[in-house]
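The block underneath contains the structure these notes are about, expressed in structure tokens.
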Amino acid sequence: MYNHNEIEKKWQNYWDENKSFEAINGGSKPKYYILIEFPYPSGTGLHIGHPRSYTALDTLARKRRMQGYNVLFPMGWDAFGLPAENYAIKNKIHPKDAVKENIAVFKNQLKNLGFSFDWSREFSTTDPDYYKWTQWQFLKFYEHGLAYKDKKTINWCLSCKVGLSNEEVEQGKCERCGGEVVKKEKEQWMLRMRRYADKLIEGLEDTNFIDRVKTAQINWIGKSEGAEVNFEVDGTDERLVVFTTRIDTIYGVTFMVLAPEHPILETLKDKINNYNEVVDYQIETAKKSEFERVELAKSKTGVRLEGIYAINPVTNTRIPIYISDYVMMGYGTGAIMAVPAHDRRDYDFAKKYNIPIIEVIKGGDIESEPYIGDGMMINSGILNGIDNKKSAIEKMISYLEESGIAKRTVNYRLQDWVFSRQRFWGEPIPMIHCDSCGWVPVPDSDLPVLLPDVASYEPTDNGESPLANMPEWYTTACPKCGKQARRETDTMPNWAGSSWYWLRYMDPNNKDYFVGRDALEYWGKVDWYNGGMEHATRHLLYARFWHRFMYDIGLVPTKEPFSIRTAHGMVLGEDGEKISKSKGNGIDPNIISDEYGADTLRTYEMFMGDYEADTAWSTNGLKGCRRFLDRLWRIQDKVINEMSLSKELEVSIHKTIKKVSDDIENMKYNTAVSSLMTLLNEYDKQDNITKGDLRVFITLLNPIAPHITEEINELQGLGPILCESKWPTYDESKIIDETFEMVVQVNGKVRGKVEVPSDATDEEMKSYALEIDNIKRYIEGRDIVKIIVVPKKLINIVIK
RNA sequence: GCGGGUAUGGCGGAAUUGGUAGACGCGCUAGACUUAGGAUCUAGUGGAGCAAUCCAUGGGGGUUCAAGUCCCUUUACCCGCACCA
């Protein structure tokens, strides 16, 4: 047993005092930038899941330093957001004080775990020195026409009284509080992220993101290629534009459906005989929450527009027009051409309202089911006889394009980014509204627009930001004309601060600029970025969008911010369930590291399972890792004063160097630890080991368990401080065994094993195999059909 | 519905990518040392069988000398998105 508390404190102090992990901008070493998602410093302290990814990337960082890189491995705080605000309201303190306390707790916990962060670059997104530049960059979006304010039907959380982006609505409920979400019209600041949809897809080619992250991003952007088709409204000059990916089915269009909010309804008001019904339905729809609209509307509802018809441009027949809430204003054009024979939703609607169903693709029985698959085109004029949708689509689109009825379009699921929040605890949007000049940006020299130090900042009842209750804050002079004007009282979303933080780490104390150009050029891309799968879509898209825009206007030198992106699995409770307060299955990392030591916790979190997969916590497993470290401690008794490697251990040591080196690169931390356990088992079997044997071992283990290894190194006088030493290399010629155990199979089943020299030829291997008694028994009196030889592995004798 | 993922002993998980299934750890069993053991050490540990052997990677087919790994099919669970036209 060793005293972990004493040893760990000692080395943590040493690293602090010697600034062991502070990165320097520049120098002759190659650079390596490792980034781990910075935490939201919640009041409950570190979660047991945090040390998993932090240790993994810390291990990489420590290894890279030993490999001679200039490593940037920073840490900071993403501290704007609702929880801090709610906590502060509840406890009647200013959020900035709450945040300060929480950061202190978090930082202390991280230090106790011995992570090699460069604390000299620490900052919080809530620091005015930082959010000044967040505001400044917002103004760049504005200058380039990418930030605009628009009336927007937004998701509105009734209980938080705050607008939410699509990304923050989960299953029709508020992501934060689980409360009811309804639609509400509001003027919101928006960023034109949609314009970057293609760039965000293409940019992925320049990255090494793990596949599931790439796929998640592509799906989220939701690119879909199709066409916009014009349908005349009979007897008017108006026309309806629809988006479709299946223009080949246009002969089957027997009606049209508009979103209830569609603007043409207002235009055609006078022609619609039952306009009052339309209005009733609109009111009905607006009242429904997103959840109701999706979940409860399994059976379709709608209203037919009496008195008006659309014209199917290929059949020239008059078709009825409906409104229904199954068509969304937010996707495509808010209007669809309905093909009931081949679309589930249109089919249900047509059945309910007795609309004709015309089959245009052969297959299935459309009396009972819409047919969705591929097949021969029928009832389709020029398309008849074509048997695959690809050519049918191509033919129809070219035909309609010629006559100006249709044009090719691409649609995206991705929406513009709603950038306004009606909250106090966020970066104020640096815009001023003047009655004569309109929206005017705050001049750079007046940045940052600071949040006020006030006692009360409860949300207003009408859903405005608390800042809207503070005339002394929002009243100001128009920067353009000097007349009295009003500051924007909305603040930025939580995601803003995390959309450029990796840039600031490169040059965190720059007073004059968001990041110095030299620092940007020096550090370039983040080489390795790790974070949770829950951020694979939104955070990562916002960050990439932000960065790409900064590239387009020449402020950063790279198109993409991150090279490698990996994602860790969750640490589940001992019961295999996701950790939650209500289940009471949480594990406190403080208690664990106090009782078992930071090295034990770190080793266990690396060992517990596949890094990318969710894994249940096991206190017994943790104890096993402590036993491993105790055994390492005890092996000191066997050390003899000799620097060369033991003959008996040499091959194993070289193999382990290779294994651990490769495993860390491939995030196979669990097998890296297990191979070290195996090696220690071998050391244990020896009567004594050399200083050299031990030095290699603790060097390999050092990135994972940095304290105990430094201590042993010092106690035994094995060499210089490990974290400043070289990573061991292996000798290819030393990892070859002189002999190997050859497996002999008969008809694919193992029937014998024999020790064979590694350099045995195929013929020699065969003769070894045929000498084994058990093999002789099997092949006696049988015909040998063939013998398969796998060099240095096995022989399979096929008999009849 | 669409997209992604997972399935291997009592448990967490290995398996060089088609070549000995179960590394390593936990747990368990027996023994040693002990006043004691929830410390440590030794041995054993997928199932059946005295054994030779047989069976076994969610289920069912297939390819192959050889399949956890490849192909087809099917089931269960997890995650993300969702009347996306």
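What to note about this one:
- Screening segment A:276-303 for residues that are modelled with pLDDT under 90 and among the acidic types (Asp, Glu) and picking the one that is farthest from RNA strand B (Cβ to nearest atom) gives A:284.
- Scan segment A:746-764 for residues that are among the β-branched types (Val, Ile, Thr), surrounded by 12 or more Cβ atoms within 10 Å (Cβ to Cβ) and under 13 Å from residue A:797 (Cα atoms) and the total you get is 1.
- Being part of a loop (DSSP other than H, G, I, E, B), exposed (fewer than 15 other Cβ atoms within 10 Å of the Cβ) and more than 16 Å from RNA strand B (Cβ to nearest atom) is a condition met by at least one residue of segment A:420-436.
- Selection of first residues in segment A:321-336 that are under 18 Å from residue A:277 (Cα atoms) and of second residues that are modelled with pLDDT of 90 or more and near RNA strand B (Cβ under 7 Å from one of its atoms), restricted to Cβ pairs under 6 Å at least 6 apart or on distinct chains, gives the following pairs, ordered by first then second residue: A:326/A:345; A:327/A:259; A:327/A:336.
- Residue in segment A:180-199 that is among the aromatic types (Phe, Trp, Tyr), assigned to a helix (DSSP H, G or I), out of contact with any Pro (no Cβ under 8 Å at 6 or more places or on another chain) and closer than 30 Å to residue A:529 by Cβ present: yes
- Lone unmet requirement of (1) surrounded by fewer than 15 Cβ atoms within 10 Å (Cβ to Cβ); (2) touching a residue at least 60 places away in the same chain (Cβ under 8 Å); (3) among the acidic types (Asp, Glu) for residue A:232: (1)
- Selection of segment A:686-704 for residues being of a type outside the set (Ser, Thr, Tyr) and touching a Gly at 6+ places or on another chain (Cβ under 9 Å) yields A:691, A:695.
- Criterion (touching a Pro at 6+ places or on another chain (Cβ under 8 Å), on the phi < 0 side of the Ramachandran plot and crowded, with 22+ Cβ neighbours inside 10 Å) met by exactly one of A:605, A:521: A:605
- Segment A:698-796 holds helices (runs of 4 or more DSSP H) entirely within its bounds, and those carrying 3 or more residues that are more than 30 Å from residue A:113 (Cβ to Cβ) and either over 39 Å from the mean Cα position of the chain (by Cα) or within 12 Å of RNA strand B (Cβ to nearest atom) (or both) map to A:762-770, A:773-779.
- Of all residues in segment A:304-330 being among the small types (Gly, Ala, Ser) and over 42 Å from the mean Cα position of the chain (by Cα), the one that is nearest to RNA strand B (Cβ to nearest atom): A:310
- Checked against (1) more than 10 Å from RNA strand B (Cβ to nearest atom); (2) within 30 Å of residue A:377 (Cα to Cα), residue A:333 meets all criteria but (1).
- Scanning segment A:72-82 for residues that are surrounded by fewer than 23 Cβ atoms within 10 Å (Cβ to Cβ) and either in contact (Cβ under 8 Å) with a residue 60 or more places away in the chain or over 21 Å from the mean Cα position of the chain (by Cα) (or both) yields a total of 2.
- Boolean, residue A:316 is in contact with an Asp or Glu (Cβ under 7 Å, 6 or more places away or on another chain) and surrounded by fewer than 14 Cβ atoms within 10 Å (Cβ to Cβ): no
- Any chance residue A:604 is near RNA strand B (Cβ under 10 Å from one of its atoms), in a helix (DSSP H, G or I) and either of a type in the set (Phe, Trp, Tyr) or in contact with a strand residue (DSSP E or B) (Cβ under 7 Å, 6 or more places away or on another chain) (or both): yes
- If the condition is being buried (at least 22 other Cβ atoms within 10 Å of the Cβ) and out of contact with any strand residue (DSSP E or B) (no Cβ under 8 Å at 6 or more places or on another chain), then segment A:499-513 contributes A:499, A:500, A:501, A:503, A:504.
The values are calculated or read from the model by the stated rules, or taken from the named source; none is laboratory data. This is a predicted model, so every value here is computed, not measured. Note that we place each Cβ from the backbone using ideal geometry, even for glycine, and neighbour counts take in every protein chain shown.
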